[in-house]
Amino acid sequence: MRVLSNRTAVVVVAGLAAASFLAAQNSGFSTIPGSITPRTDVVVGEFSSPQMTVDVVLAPSNPSELSSLLANLYDPNSNNYHQWLGQGQFYSLFAPASTQTAAIADYLQASGLVLEQSSSPFLLRASGPSSMVAAAFGTTLLSYSNPKGITYFSNASAIQMPSNLASGVLGVVGLSNTVRMQPQIVRPQPLTSHPPGCETPYVTRKQLFDSYNYGTSYPSGYGGGPGCSGLTPSQDNAIYGAPNLGPRGQGAGVNLALFELSAYLRSDIATWALYFYGPAYTPPLVDIDVDGGPLSSYCPPGDTCIPGYAGDIEVDADIEMQLAIAPAARHILVYNAPNDYTGQTVLDEYTRIAQDDIADVVSASWGECENDAGTGYVQAENLIFEQMALQGQSMFSAAGDSGAFDCIASDGTTIVNVEDPSSQPWVTSVGGTSFESFNPNANPNPNYQAGVETVWNVDNLCNTSPDEGNFAGLFWCAATGAGGGGNSQYWGRPFYQRGPGVTNPYTAYGNGTTQCSLAGLGKPCREVPDISANADQYTPYAEYCTGTDPTSLCGTFSGSQIPPGWFGIGGTSLSSPFWSAIVADHDSLWNGRIGNANPLLYLLYNLDPNGYFNDITGIGQFTNNNGLFPTTPGYDLATGIGTPKMGAIITLVPQR
């Protein structure tokens, strides 16, 4: 057999690419499926920019083999069960063919665009004037204004590519700038007065109505944190039944990771850890910057980035939550990139986490509603999450803080929608609950109160009623929040998602557009959340966060707290790192990765639901829905399977 030299191979590939490009001129153009998101917002003009950057999302090679391998690695009856791929193997097996990449690159260059370095073989990055970019993809770019008055740009028609190239393209990222990641975190607003003790009852509807209508303050205090600021690590673990196994049940040897988009102060984490763990404890933080990090001036040309400390409240909360549940973890890897508007730096960061393959368990508390993400972007994410799943990395994400109406916070629209990346099939979606009337005060070892925990929806105010205290019910979905949940706009139901309640009266089925559009017609949709944990800002966790930089969010209020820097925090931003740390504890005890947690969690749910989870049933509870979807016995679209019995999840021994 004749072996080609590297130089000869390059010439052959270039020749094939040139041939493909010539063929493209004669093959006509085809539409990229799902590449247009219908817009109802006001058009304010044609979008024009002297320079913009796009990422063409390339389809993997051997897609059927990719799906088969994923199924086999998560099938306990397969010889490949949990035989994770090593670093770099995913690209070797499934990266796009070099001829395919070269042909598309040639087309982009012939269209006047300049190729740029990309973070992944699945992304082909190019830049040029907006007019050339629009022409290359056979579309028009328009500027819009959403109900919040925020302007953005997007392609006004479907993307067109040469027919002989189109099958290798999943979409194009950068033709819209609506992928604006938001932290899923909530604190009581407006600021409230502190009581003399921590025995404050749960906030009432009247207190909230008076507060929002007249600015009336009300007392607020919960848990044993400084100044009644919220639950302590001891209380977090005790309530959900953590086992007493020492470091082996506290993440020893495991690398936890966080996806972040903001700078933070390490000194905040040191102060928090000193208070709860004493001077002998050093938080095992490792900062890993992507695209220069959150303070970098780097931004893809034509994109908008927000450097600074605007999300420091999120970063601190995520780190402190993981440290509360897995204090013995080997490292907390804090991946951090500039927060941008097109999602390109976000993809770079997720790609880096997968490429490094040093994080055993990952949590992301940043997201956006699926409708703002777009088909091309979610498919680019999915390739990364498939890589993580094949490598045995566990990926968790917050399900959102606006109930069943996830777009309210980002763009003001009230469509029923769920959170991305939480809705991805290879991500574990974590919803929110509330302890409501149960306040452990300063008790360091409180027991779980069966039947008290509800879905998070403060006083059931998030709903579709036209009047709740002089505000529409949907106002409260954004103002006081509710746990995210519903059916995916893009994804079909994964093989692992089965069990009592999964098929229910609210299950949606693929219709080709607004319901799991990437699945077949009539196929059931991916449902979220998978699981839940406390996320109510009125039954909060104790956070410490300060700031002196002008961009710091914590710096705008935390200095006036009593004591300074300490306050209560909620949101599914807390329940996601909570669950990620539980799985780190499990990995530590069992000396290995479980990979994506969903196949195991649904298996346990089907084997012994009450032995591994607290079912949030809604029975006899006033708060019994997330604004649209009710809590029921078994799986539901408000709380998923339920909340953790930590000892059972970590040891795999059911708890009663």
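The values are calculated or read from the model by the stated rules, or taken from the named source; none is laboratory data. Here the structure is a predicted model, which is why all the values come from computation and not from measurement. A quick note on method: Cβ atoms are made from the backbone with ideal geometry, for glycine too, and the neighbour counts reach across all protein chains shown. Ligands, DNA and RNA are excluded from the accessible area calculation, which covers all protein heavy atoms including side chains. Shrake-Rupley method; radii C 1.70, N 1.55, O 1.52, S 1.80 Å.
Structure data summary
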item	result
One residue from ALA326, ALA310, ALA317, ALA364 being among the small types (Gly, Ala, Ser) and under 25 Å from VAL57 (Cα atoms)	ALA364
Long-range neighbours under 6 Å by Cβ, at least six apart or interchain, first residue in contact (Cβ under 8 Å) with a residue 12 or more places away in the chain within the range 278-289, second open to solvent by 30 Å² or more (accessible area, probe 1.4 Å) and of a type outside the set (Val, Ile, Thr)	PRO284/HIS331; VAL286/HIS331
Count of the range 511-530 residues which are surrounded by fewer than 22 Cβ atoms within 10 Å (Cβ to Cβ) and without any contact (Cβ under 8 Å) to a residue 60 or more places away in the chain	11
Tally, over the range 407-434, of residues that are open to solvent by less than 10 Å² (accessible area, probe 1.4 Å) and either over 20 Å from LEU637 (Cβ atoms) or in a loop (DSSP other than H, G, I, E, B) (or both)	7
Test for VAL186: is it surrounded by 22 or more Cβ atoms within 10 Å (Cβ to Cβ) and at pLDDT below 95	yes
Odd one out for ALA398, checked against (1) crowded, with 24+ Cβ neighbours inside 10 Å; (2) of a type in the set (Gly, Ala, Ser); (3) in contact with a Phe, Trp or Tyr (Cβ under 9 Å, 6 or more places away or on another chain); (4) more than 29 Å from THR513 (Cβ to Cβ)	(4)
So SER234, is it part of a loop (DSSP other than H, G, I, E, B), among the small types (Gly, Ala, Ser) and either touching a Pro at 6+ places or on another chain (Cβ under 8 Å) or over 14 Å from GLU320 (Cα atoms) (or both)	no
Condition met for ALA533 (in contact with a strand residue (DSSP E or B) (Cβ under 9 Å, 6 or more places away or on another chain), of a type in the set (A, V, I, L, M, F, W, C), buried (at least 20 other Cβ atoms within 10 Å of the Cβ) and not in a strand (DSSP E or B))	no
Number of the exception - GLY499 against (1) under 20 Å from LEU601 (Cβ atoms); (2) at pLDDT below 95; (3) not basic (Lys, Arg)	(2)
Sole residue being open to solvent by 20 Å² or more (accessible area, probe 1.4 Å), at pLDDT 95 or above and under 16 Å from GLN379 (Cα atoms), chosen from PRO121, PRO129	PRO121
Tally, over the range 135-165, of residues that are small (Gly, Ala, Ser), open to solvent by 10 Å² or more (accessible area, probe 1.4 Å) and not in a loop (DSSP other than H, G, I, E, B)	4
In the range 257-304, the residues that are over 30 Å from GLY128 (Cα atoms), within 21 Å of the chain's Cα centre (by Cα) and small (Gly, Ala, Ser)	ALA257, ALA263
Subset of the range 233-264 (residues that are polar (S, T, N, Q) and over 25 Å from ARG656 (Cβ atoms))	ASN255, SER262
Helices (runs of 4 or more DSSP H) (entirely within the range 306-391) containing at least 2 residues that are out of contact with any Asp or Glu (no Cβ under 6 Å at 6 or more places or on another chain), under 21 Å from TYR152 (Cα atoms) and not acidic (Asp, Glu)	344-356, 375-391
Search result, residues across the range 441-468 that are touching a residue at least 40 places away in the same chain (Cβ under 8 Å), under 24 Å from GLY241 (Cα atoms) and open to solvent by 10 Å² or more (accessible area, probe 1.4 Å)	ASN441, ALA442, ASN443, PRO444, ASN445, ASN447, TYR448, ALA450, GLY451
Residues of the range 456-473 satisfying the condition of being charged (D, E, K, R) and assigned to a loop (DSSP other than H, G, I, E, B)	ASP467, GLU468
